[in-house]
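The values are calculated or read from the model by the stated rules, or taken from the named source; none is laboratory data. Predicted, not measured: the structure shown is a model, and the values here were computed from it. Using ideal geometry, Cβ is built from the backbone for each residue, glycine included, and neighbour counts are taken over all protein chains shown. Surface accessibility is based on the protein's heavy atoms, side chains included, excluding ligands, DNA and RNA. Shrake-Rupley method; radii C 1.70, N 1.55, O 1.52, S 1.80 Å.
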Amino acid sequence: MTLTIPGFDHIRLPGADGVELAAAVGGSGSPVVLLHGFPQTHLMWRHVAEWLADEHTVICPDLRGYGASDKPAATDPDVYAKRTMAADVVTLAAALGHERFALVGHDRGALVAFRAGLDHPETITHLGILDIVPTLDMWNVLHGASAAVGYHLFLMAQPPGLPEAMIAGSADAFFGSFLDAWANDPTTMPEDVRAEYLRASAAAVTSIVADYRASAGIDVMHDQADLDAGSQLAMPVTVVQQDWGAQLGYDAAGVWKAWAPDLDHRLTRAGHFMAEEAPDEIAATIRGLLAR
């Protein structure tokens, strides 16, 4: 049985190109869409979503290829392009009657949110980003021995076949290693939640790899085209991340400022899974973003 957010409705909604997404929906008021990261599902928002639901309609989908959402075959690069996944989110929100909404993403979901902000500026009112830099910048800042922290990015960028076989052969060990290594306080992720992430990820190896492979190809092309065109995020943007700039030797706030003129850039002492480790901090940050 799929774990979901207590008190929320768990429903299926249309995305782009005939894909259906599973989503937890609750609360009432102005809409906020929350997108999960890797190797997780919408369940990562369980604390933040419940708190935001006091004042907002909160929509937490599983990204295409993850959780209980459809997992289409990657027959061409567009299938898991962040542009397509952003279109999923806009289509899903419209199916619920929301033509404009705030959007917050973590990790992979933050890459989708970033692309949605660039592609749909008339739709995204506020943009929250947790613990990433844009895809193009991500590859630019990973270099030398420090790039080992992102070894999975290079593994899943390889041509189809070997990455899928290697990961499927030790799925729990592979996905579990990130749940362990990226959490400052692993006790904030209960065993049933961890088990749900491992189960869902093991059932989605092919589509998860396709999502990552897109970030080494078509997503870079889309980001580069926007950079060349001088495109920027038009809405208020809040970025919360660990101090990756200090660890990897780049100016994280400067990277984001180039994309987001109306930027609030913050560092957190929480680990990568900050919505679970520090939900009060993240919920307060989102509320602050929505007040801008």
(message) T4 - would you say it is in a loop (DSSP other than H, G, I, E, B), of a type in the set (S, T, N, Q) and at pLDDT below 95?
(response) yes
(request) Would you please name the residue that is farthest from A204 (Cα to Cα), looking only at residues in the range 165-176 that are in contact (Cβ under 8 Å) with a residue 12 or more places away in the chain and open to solvent by 30 Å² or more (accessible area, probe 1.4 Å)? (result) D172
(message) I'd like the full set of residues that are open to solvent by less than 30 Å² (accessible area, probe 1.4 Å) and outside any helix (DSSP H, G or I), limited to the range 127-150.
(response) L127, G128, I129, L130, D131, I132, V133, P134, L142
(request) Name the single residue, out of those in the range 187-224 being under 18 Å from S69 (Cα atoms) and among the β-branched types (V, I, T), that is most open to solvent (accessible area, probe 1.4 Å). (result) T206
(request) Would you point out which residue out of L263, L248, L227, L233 is surrounded by 15 or more Cβ atoms within 10 Å (Cβ to Cβ), within 28 Å of H143 (Cβ to Cβ) and modelled with pLDDT under 95? (result) L248
(request) Give the residues of the range 59-79 that are in contact (Cβ under 8 Å) with a residue 24 or more places away in the chain, among the acidic types (D, E) and outside any helix (DSSP H, G or I), sorted by residue number. (result) D62, D70
(request) Scan the range 7-27 residue by residue and report those that are open to solvent by 20 Å² or more (accessible area, probe 1.4 Å), within 12 Å of P61 (Cβ to Cβ) and part of a strand (DSSP E or B). (result) H10, I11, R12, P14, E20, V25
(request) Go through the range 151-186 and count every residue that is assigned to a loop (DSSP other than H, G, I, E, B) and either under 14 Å from P39 (Cβ atoms) or modelled with pLDDT of 95 or more (or both). (result) 10
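Residue by residue, here is whether (1) over 19 Å from the mean Cα position of the chain (by Cα); (2) of a type in the set (S, T, Y) holds:
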{"site": "W139", "(1), (2)": "no, no"}
{"site": "E164", "(1), (2)": "yes, no"}
{"site": "G169", "(1), (2)": "yes, no"}
{"site": "W182", "(1), (2)": "no, no"}
{"site": "M189", "(1), (2)": "no, no"}
{"site": "R194", "(1), (2)": "no, no"}
{"site": "Y197", "(1), (2)": "no, yes"}
{"site": "D211", "(1), (2)": "no, no"}
(message) Suppose we filter R108, R83 for residues that are within 28 Å of Q242 (Cβ to Cβ), in contact with an Asp or Glu (Cβ under 7 Å, 6 or more places away or on another chain) and open to solvent by 20 Å² or more (accessible area, probe 1.4 Å); which single one remains?
(response) R83
(message) Looking at the range 138-156, I want the residues that are closer than 20 Å to M166 by Cα and have a partner that is in a helix (DSSP H, G or I) and among the basic types (K, R) with Cβ atoms under 7 Å, at least 6 apart or on another chain. Which pairs are those?
(response) M156/R213
(request) Kindly indicate whether any position in the range 234-255 is without any contact (Cβ under 8 Å) to a residue 40 or more places away in the chain, farther than 30 Å from A73 by Cβ and not in a helix (DSSP H, G or I). (result) yes
(request) Answer yes if at least one residue in the range 50-57 is charged (D, E, K, R), open to solvent by 20 Å² or more (accessible area, probe 1.4 Å), assigned to a helix (DSSP H, G or I) and out of contact with any helix residue (DSSP H, G or I) (no Cβ under 8 Å at 6 or more places or on another chain), and no otherwise. (result) yes
(message) Take the residues in the range 28-49 that are open to solvent by 10 Å² or more (accessible area, probe 1.4 Å) and outside any helix (DSSP H, G or I); name whichever of them is nearest to L111 (Cα to Cα).
(response) P31
